[in-house]
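Remarks on the structure that follows.
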């Protein structure tokens, strides 16, 4: 940086310093969440148990920060006489083709498997789509073939 006045060099170094630290502070939470999700998946796979979840409803969610449309599936399942309620979001464009309000009503009260940790049943994943099953190296069951027609118009 020859020929650059000392004041500008000083400002550039401080901007670079703060820019790097802001990047680190943004990346750390994302890294932490990724590690926690990976640990949860390993625990579920290692101590796997299965239950049946019932879909309670489906709602459209629009995430304003990303400008992305999601469908949120609300569901519940029972494990050892304890009731668990949760929801899961799926990107609209990635999974659904013409998933109208009528089709959302058809999915209510349908049953899907849930893979969970036998040690901590709150750590779980509902298995609705092929991709959900493939995350745990499980085959997509024939009993859910009807869902392809509903979700993908196949």
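Report the label-to-label distance for residue 91 and residue 69 in nanometres (one decimal), using points 7 Å from each Cα along the Cα→Cβ vector.
Reported label-point gap for residue 91 and residue 69 is 1.5 nm.
Assuming R0 = 35 Å, what is the FRET efficiency of residue 83 and residue 25, from their Cβ-Cβ distance, to the nearest 0.05? Could you put the intermediate results ahead of the total?
Numbers: r = 39 Å, r/R0 = 1.11.
Once rounded, the FRET efficiency stands at 0.35.
State, to one decimal in nm, how far the label point of residue 108 lies from the label point of residue 142, with both points 7 Å from Cα in the Cβ direction.
3.2 nm
Values in this text are rule-based calculations from the coordinates and carry no lab data. Computed from a prediction, not measured in an experiment: that's the story for all the values here. Please note: Cβ atoms are built from the backbone with ideal geometry, for glycine as well, and neighbour counts cover all protein chains shown.
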